Amino acid sequence: MQNPSSKLTRRSFLKVSTLAGGGMMLSFSWLAGCKPKTEEVLGTPKEWFRMNGYIRIGDNGLITIMSPNPEGGQNIKTSMPMIVAEELDADWKKVVVEQAPLDTDNFTRQFIGGSQAIRVGWTPLRTAGATARILLVQAAAQSWDVPITQIKTENGYLIHEASKKKAHYGELASLAASLPIPEEVALKDPTEFKLIGTSKKNVDVPKIITGKPLFGIDYKKEGMKIAMIIHPPAFGLKLKSFDASKAKGMPGIIDIFQIKSLQDDYKRTFFDTVQFTDLIAVVGNSTWEVMNAKKAVEADYAPLEPYEEKRDMFGREGTRTVPGGLESSDSQVLKMLEASKNATIQRKDGDPAAAFSRASKIIERTYTAPFLVHNCMEPMNFFADVDGDKVYCAGPLQKPELTEQALSTRLGIPIENIEIEMTRLGGGYGRRSYAHWLIEAAVISQKASAPIKLIYSREDDMTGGIYRSRYQITYKAALDENNELIGIHINGGGLPENPLHPNRFPAGAVANYLVEGWEVPSNITTGSFRAPRSNFNASAEQFFLDEVAEVAGKDPIEFRLELLRRAKENPVGETNDYDPDRYIGVLELVKSKSNWGAQENGIYRGVSAYFCHNSYTAQVLDLKQVNGELKVHKVVNAVDCGIVVNPDAARNLCEGAVVDGIGTALFGEQTFNQGEPKNKNFDTYRMIRMKEAPAIIETYFVENGIDPTGLGEPAYPPVFAALANALYPATGKRFYDQPYGPRISS
C-alpha cells in the first residue's frame with residue numbers, strides 16, 4: 001500500500017490556534033471546510049469542552065480528544081481517538097477522551113447510522129493527528145536548531161538522538177501552535193501502525209461499572225420536572241378529547257395538558273417519522289407519581305382519516321399518503337399477497353422467462369418476516385429546558401443535527417440558540433434516529449415554563465411505532481439438466497417498505513435475473529432497524545441458496561463460491577454493488593476456521609454470507625441437542641471490514657450482532673389487532689435469554705490492508721440464515737416464516 005498524503009489549506013478541515021497559558025489546539029471539521037477561528041481554553045482539561053473535533057495538547061503533555069459522534073455501544077468513542085493518537089505518535093495513557101456536544105458549525109455527519117463512523121472519519125482523523133505531529137516536529141527543529149529530518153517522535157515525545165535532547169509534546173505545543181499549517185502531510189503506511197490494530201479498553205468502562213452519570217436516563221438538574229406522554233392505543237386513531245380532573249388531584253402532579261409535537265403543515269424530513277403528534281402530557285415531581293396519574297386520565301379517540309404528509313427526503317421533495325383504518329395482521333397478509341401481483345421491475349438481465357421455460361427443475365419458496373420492535377434497554381428519554389428564546393437539551397439520540405433542525409422549526413427558535421448535549425445511548429440501532437421525544441420534551445418544557453425530563457415507559461415505546469417493516473420475498477430458481485443455475489426471479493416487498501437490493505449478490509452471477517418490487521401503504525410507522533432491509537434480505541437470500549444447492553447436489557459453500565467466481569470472471573450487468581474477491585475471501589476463511597466438512601456427531605451446521613455497509617461477513621453456526629432442546633453451540637464469524645482499528649471492540653460488535661440476530665430470528669415479532677399492538681412489554685415480547693446465547697463465538701478478520709469499512713451492522717443480517725440453515729438438518733424441516741421459535745416448538 002502506498003504511503004498516502006493529504007493536502008491541507010487554512011480553508012480545509014484543519015486549523016491551529018494557541019491556547020491561553022501555553023499549549024496547542026488543533027481542530028478539524030469532518031469532510032467540510034471551516035472558517036479560521038481562535039479558541040481560548042482556560043484552566044485544566046475539564047474546561048476544554050468547546051470543540052470542533054479538537055486535539056488539545058496541554059503544557060503538561062496531556063492530550064484531550066473530543067469525540068464528535070454519539071456513542072451507542074459501538075465503541076467509536078475509543079476507536080476514533082485511537083486513529084488520531086496513532087498518527088500523532090501519542091502515549092495512549094496520556095490521552096483523555098470526552099464526548100462533544102452537537103456543533104453544526106464545525107462538524108458534518110455527527111451521527112450514528114450506516115456503520116460509517118470509522119469509514120468516513122478514517123482520513124480526516126489520521127490527517128488531524130499527522131498534522132499536529134509535523135507541527136510539533138517543526139517546533140522542535142526550530143527550538144533546537146537542528147534539521148527537521150533528525151527529529152523523531154515516539155510515545156508523546158520529540159527526540160533528537162545526536163544531541164540527546166528530548167521533550168514531551170506539551171513543552172513545545174505553544175511554539176507548534178504558532179507555525180503555519182503544512183500544505184501536505186504524509187500519513188503512515190499501515191505497516192508502521194503501533195496503536196491501530198491493538199486492543200484498547202472502552203474509555204467509558206470505569207463510568208459504566210461504577211454507575212457514574214453517563215446515559216440520558218441519568219441526567220438531573222435542579223428544579224427539573226418529570227413528564228410522560230399518552231398516545232392513542234391504536235394506529236389509525238387520533239386524540240379527540242380527554243378528562244384529567246381525577247389525575248390532576250393526585251399526589252405530585254403539577255399539570256396535564258395537550259401538546260402537538262409536529263404541526264400538520266410541517267414538511268417532514270427523513271427522520272421526522274412519527275404517527276402520534278397529538279398527545280397528552282402529564283407533568284409531575286416524580287416518575288412513579290406521573291405513571292400513576294397517566295392511568296387516571298380518561299381519553300376519547302376518533303378514527304384517523306387518510307391524509308398527506310409533505311416530505312423532504314434529503315432533497316427529494318414530495319408527499320406521502322397515509323391511509324386511514326385500523327390494520328390487523330391477518331388483513332395485512334392479504335394486502336401483501338395482492339400487491340405482489342402488481343410488482344415493478346427493478347432489474348432484469350437476459351431472458352428470465354425463456355430460462356424458466358426450458359428449466360429441468362424449478363424451486364420456488366416464499367419467506368416472510370414480521371414487524372420488529374427495537375426494545376432499547378434504556379427507555380426513550382430526553383431533558384429539555386426552553387427558557388424564552390434559549391433551548392438546552394441533553395439525552396440519547398442518533399441524528400442530533402437533523403433533530404435540531406426540526407426542533408428549531410417547531411419551537412420557532414433559531415438553531416444558534418439551541419444547544420444539544422449528547423449522552424451515551426443505552427441502545428439505538430435506528431430507534432433513536434427518530435427523536436420525536438426530544439421535540440415532545442421541548443414542547444412540554446415551553447408550555448410548562450419549566451425544565452422537563454421526558455421519560456417513556458416500556459409500553460409507551462413498544463406501542464408507539466418506528467418498527468422494522470413487515471416483509472415478504474418469493475424466490476424462484478431455474479436449474480438445467482446438469483443442475484446448473486440458469487435463472488432467478490425475485491418478487492419482494494413490504495408493508496410499508498420494499499426491502500430489495502436489486503444489485504446485490506447473486507445479481508451479476510446469473511445470466512437470467514429478474515427482480516420485482518412492491519409496497520403496501522400503512523399508517524403503522526416504521527424506520528431504520530439494525531442493517532435496514534439487509535436484516536431480512538440476507539435471511540431469505542441465503543436460506544434460499546442453501547435449498548438450491550441441495551437440489552443441485554452441491555456443497556453450500558462451494559455453490560456460493562462457484563457463483564461468486566462467475567461474477568468475478570464473467571459478470572452479468574454493470575451495476576453489481578459488491579466485490580466478488582472480498583466475498584470469496586470471507587467464505588474461504590470461514591470454511592477454514594470452522595473446519596467445514598469435518599462435522600462432529602450431534603452437531604448440525606448452517607452457513608451464510610452477506611455483503612452490506614461496505615463490508616463482508618460469512619458465518620457458520622452449529623446447533624446441538626442439550627437436555628432434549630436445540631441450542632446454538634457455536635458461531636464462527638469471518639469478516640472483511642478492512643483495517644481493524646480496535647480488535648476487541650470489533651469482536652464485541654460481531655458477538656453482539658450474532659446474539660441479537662439469533663434472538664430476533666427466534667422470537668422477534670410485533671402483531672396488530674385493529675391497529676393495536678399486541679405486545680406491550682417483555683412479558684409477551686420475547687427476547688433472547690443469557691442461557692440461549694451461543695456458548696462459543698469466534699471472530700476472524702481478513703487482513704488485506706484496505707481502509708476500514710463498516711462493522712456495526714454487517715455481522716447481523718447473515719446469522720438469521722445461518723440459523724435457519726442449521727435448523728434444517730437438526731429438525732428435517734425448513735422454516736420460511738420468522739420468528740422460528742414458535743414454529744420449532746409446534
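Here are the numbers for this structure:
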{"read-out": "Enumerated strands (runs of 3 or more DSSP E) restricted to the range 94-213, each holding at least 3 residues that are out of contact with any Asp or Glu (no Cβ under 6 Å at 6 or more places or on another chain) and more than 30 Å from ILE420 (Cα to Cα)", "value": "157-160, 165-168, 184-186"}
{"read-out": "Matching option when the condition is in contact with a Phe, Trp or Tyr (Cβ under 9 Å, 6 or more places away or on another chain), at pLDDT 95 or above and among the β-branched types (Val, Ile, Thr), among VAL391, VAL333, VAL322, VAL373", "value": "VAL373"}
{"read-out": "Residue match in the range 388-398 (condition: in contact with a His (Cβ under 7 Å, 6 or more places away or on another chain) and of a type outside the set (Lys, Arg))", "value": "no"}
{"read-out": "Residue list for the range 320-338, filter: closer than 20 Å to LEU237 by Cβ, open to solvent by less than 40 Å² (accessible area, probe 1.4 Å), touching a Lys or Arg at 6+ places or on another chain (Cβ under 9 Å) and of a type outside the set (Ser, Thr, Tyr)", "value": "GLU327, GLN332"}
{"read-out": "ALA598 vs. criteria under 16 Å from VAL702 (Cα atoms) and either part of a strand (DSSP E or B) or open to solvent by 10 Å² or more (accessible area, probe 1.4 Å) (or both)", "value": "no"}
{"read-out": "Single residue of the range 554-578 satisfying the filter (touching a helix residue (DSSP H, G or I) at 6+ places or on another chain (Cβ under 9 Å) and charged (D, E, K, R)) that is most open to solvent (accessible area, probe 1.4 Å)", "value": "GLU569"}
{"read-out": "Residue in the range 348-360 that is of a type in the set (Phe, Trp, Tyr) and either open to solvent by less than 20 Å² (accessible area, probe 1.4 Å) or out of contact with any strand residue (DSSP E or B) (no Cβ under 6 Å at 6 or more places or on another chain) (or both) present", "value": "no"}
{"read-out": "Some residue of the range 630-653 being within 30 Å of ARG458 (Cα to Cα), in contact (Cβ under 8 Å) with a residue 12 or more places away in the chain, out of contact with any helix residue (DSSP H, G or I) (no Cβ under 9 Å at 6 or more places or on another chain) and not charged (D, E, K, R)", "value": "yes"}
{"read-out": "Residue match in the range 413-432 (condition: over 20 Å from ALA531 (Cα atoms), at pLDDT below 95, among the small types (Gly, Ala, Ser) and open to solvent by less than 10 Å² (accessible area, probe 1.4 Å))", "value": "no"}
{"read-out": "Yes/no for SER408 being of a type in the set (Ser, Thr, Tyr), buried (at least 23 other Cβ atoms within 10 Å of the Cβ) and not in a strand (DSSP E or B)", "value": "no"}
{"read-out": "Residue selected from the range 608-641 under the condition open to solvent by 10 Å² or more (accessible area, probe 1.4 Å), within 18 Å of GLU698 (Cβ to Cβ) and of a type in the set (D, E, K, R), by the criterion nearest to the chain's Cα centre (by Cα)", "value": "LYS634"}
{"read-out": "Whichever residue in the range 411-442 is assigned to a helix (DSSP H, G or I) and polar (S, T, N, Q) and, among such residues, is nearest to LEU653 (Cα to Cα)", "value": "SER433"}
{"read-out": "Sole residue being β-branched (Val, Ile, Thr), open to solvent by less than 50 Å² (accessible area, probe 1.4 Å), more than 22 Å from ASN483 (Cα to Cα) and modelled with pLDDT of 95 or more, chosen from VAL548, VAL590", "value": "VAL590"}
{"read-out": "Yes/no for ILE254 being open to solvent by 80 Å² or more (accessible area, probe 1.4 Å), farther than 27 Å from VAL322 by Cβ, at pLDDT 95 or above and of a type in the set (A, V, I, L, M, F, W, C)", "value": "yes"}
{"read-out": "Residue count for the range 291-338, restricted to those that are basic (Lys, Arg) and part of a strand (DSSP E or B)", "value": "4"}
{"read-out": "Matching residues, the range 432-472, being under 22 Å from the mean Cα position of the chain (by Cα), of a type in the set (A, V, I, L, M, F, W, C) and farther than 20 Å from PRO233 by Cβ", "value": "ALA435, LEU438, ILE439"}
{"read-out": "Residue check, ILE280 among the β-branched types (Val, Ile, Thr), part of a strand (DSSP E or B), surrounded by 13 or more Cβ atoms within 10 Å (Cβ to Cβ) and at pLDDT 95 or above", "value": "yes"}
{"read-out": "Check on LYS94, open to solvent by 10 Å² or more (accessible area, probe 1.4 Å) and either within 27 Å of LEU653 (Cβ to Cβ) or modelled with pLDDT of 85 or more (or both)", "value": "yes"}
{"read-out": "Candidate set: the range 253-268, residues that are assigned to a strand (DSSP E or B) and charged (D, E, K, R); chosen: the one nearest to ALA296 (Cα to Cα)", "value": "ASP255"}
{"read-out": "Meets criteria (at pLDDT 95 or above, charged (D, E, K, R) and crowded, with 19+ Cβ neighbours inside 10 Å) for GLU541", "value": "yes"}
{"read-out": "Test for TYR716: is it surrounded by fewer than 23 Cβ atoms within 10 Å (Cβ to Cβ) and either more than 26 Å from LEU545 (Cβ to Cβ) or in contact with an Asp or Glu (Cβ under 9 Å, 6 or more places away or on another chain) (or both)", "value": "no"}
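This table checks each residue for (1) in a loop (DSSP other than H, G, I, E, B); (2) under 16 Å from LEU621 (Cβ atoms); (3) among the aromatic types (Phe, Trp, Tyr); (4) open to solvent by 30 Å² or more (accessible area, probe 1.4 Å).
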residue	(1), (2), (3), (4)
LYS680	yes, no, no, yes
ASP683	yes, no, no, yes
ARG686	yes, no, no, yes
ASP707	yes, no, no, yes
ALA726	no, yes, no, no
ALA730	no, yes, no, no
ILE744	no, yes, no, yes
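The values are calculated or read from the model by the stated rules, or taken from the named source; none is laboratory data. Worth saying up front: this structure is predicted, and the values here are computed from it rather than measured. Cβ coordinates were reconstructed from backbone atoms using ideal geometry, including for glycine residues, and neighbour counts include every protein chain displayed. Please note that ligands, DNA and RNA were not included when accessible areas were found on the heavy atoms of the full protein model with its side chains. Shrake-Rupley method; radii C 1.70, N 1.55, O 1.52, S 1.80 Å.
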